[in-house]
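Reading through the structure tokens given below for one structure.
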Amino acid sequence: MTGFLDSEDKLSALVDDDVLVQPSRNEAGARPSLEALMCRTPVIVSRDTGAGEEIAKFDGGLLFKSGDADELANAIQEIIDHPDEAMARTDKAKAYIEANLSLDKQVGEYEKLYEEAVK
């Protein structure tokens with residue numbers, strides 16, 4: 001465990017990682033996984049969380065049942081055994097994030113919501 005990492009150290013760690021595992025039982029958001037994907041790091045996320053639901057929407061990574069150590073180990077082994085497939089999924093997810101979840105894209109969506117609200 002590294003403890004707190006500031007922005008630069010965090011990005012450096014994400015770039016150097018072989019995989020990011022987000023094993024939460026109650027994680028509402030996928031931010032750590034999204035950041036890892038933007039650094040071209042494959043992700044494994046608990047499927048029964050908000051983060052898992054978000055990653056599943058665009059097939060951004062492998063999912064496992066929270067608390068199932070065997071399923072998690074199999075997912076890690078899958079990435080180790082098939083790095084080209086893992087990187088293809090990661091690159092596809094990165095492109096999705098850039099096209100659909102960027103700040104510019106989100107601002108446009110919020111503007112539409114506000115325009116509809118004031119009509």
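The values are calculated or read from the model by the stated rules, or taken from the named source; none is laboratory data. From a predicted model like this one, the values you see are computed outputs, not experimental measurements. Cβ sites come from the backbone with ideal geometry, for glycine too, and all protein chains shown count toward neighbours. Remember, those area values only see protein heavy atoms, side chains included, never the ligands or the DNA or RNA. Shrake-Rupley method; radii C 1.70, N 1.55, O 1.52, S 1.80 Å.
Evaluation of G60 against the conditions (1) part of a loop (DSSP other than H, G, I, E, B); (2) open to solvent by less than 10 Å² (accessible area, probe 1.4 Å); (3) small (G, A, S); (4) farther than 14 Å from L101 by Cα shows that the sole unmet condition is (4). List pairs: first in the stretch 102-118 and open to solvent by 70 Å² or more (accessible area, probe 1.4 Å), second of a type in the set (F, W, Y), Cβ under 8 Å, 6+ apart or cross-chain? Matching pairs, first to second residue: none at all. Among the residues of the stretch 10-47, the ones that are touching a strand residue (DSSP E or B) at 6+ places or on another chain (Cβ under 9 Å) and either part of a helix (DSSP H, G or I) or of a type in the set (D, E, K, R) (or both) come to 10 in all. Of all the criteria given as (1) within 21 Å of D18 (Cα to Cα); (2) in contact (Cβ under 8 Å) with a residue 24 or more places away in the chain; (3) surrounded by fewer than 15 Cβ atoms within 10 Å (Cβ to Cβ); (4) not charged (D, E, K, R), the one not satisfied by Q77 is (2).
Look at the stretch 26-47: where a residue is farther than 15 Å from F58 by Cβ and without any contact (Cβ under 8 Å) to a residue 24 or more places away in the chain, no partner that is of a type in the set (D, E, K, R) and assigned to a helix (DSSP H, G or I) sits 6+ places away or on another chain with Cβ atoms under 9 Å.
The set of residues from the stretch 63-74 being open to solvent by less than 80 Å² (accessible area, probe 1.4 Å), farther than 14 Å from L20 by Cβ and in contact (Cβ under 8 Å) with a residue 12 or more places away in the chain comprises S66, G67. When restricted to residues that are under 13 Å from the mean Cα position of the chain (by Cα) and among the small types (G, A, S), the stretch 52-83 contains 4.
So that you can scan it fast, the table gives a plain yes or no per residue for (1) in contact with a Leu (Cβ under 8 Å, 6 or more places away or on another chain); (2) at pLDDT below 95:
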residue: L62; (1), (2): no, no
residue: D70; (1), (2): no, no
residue: I79; (1), (2): yes, no
residue: H82; (1), (2): no, no
residue: E111; (1), (2): no, yes
residue: E115; (1), (2): no, yes
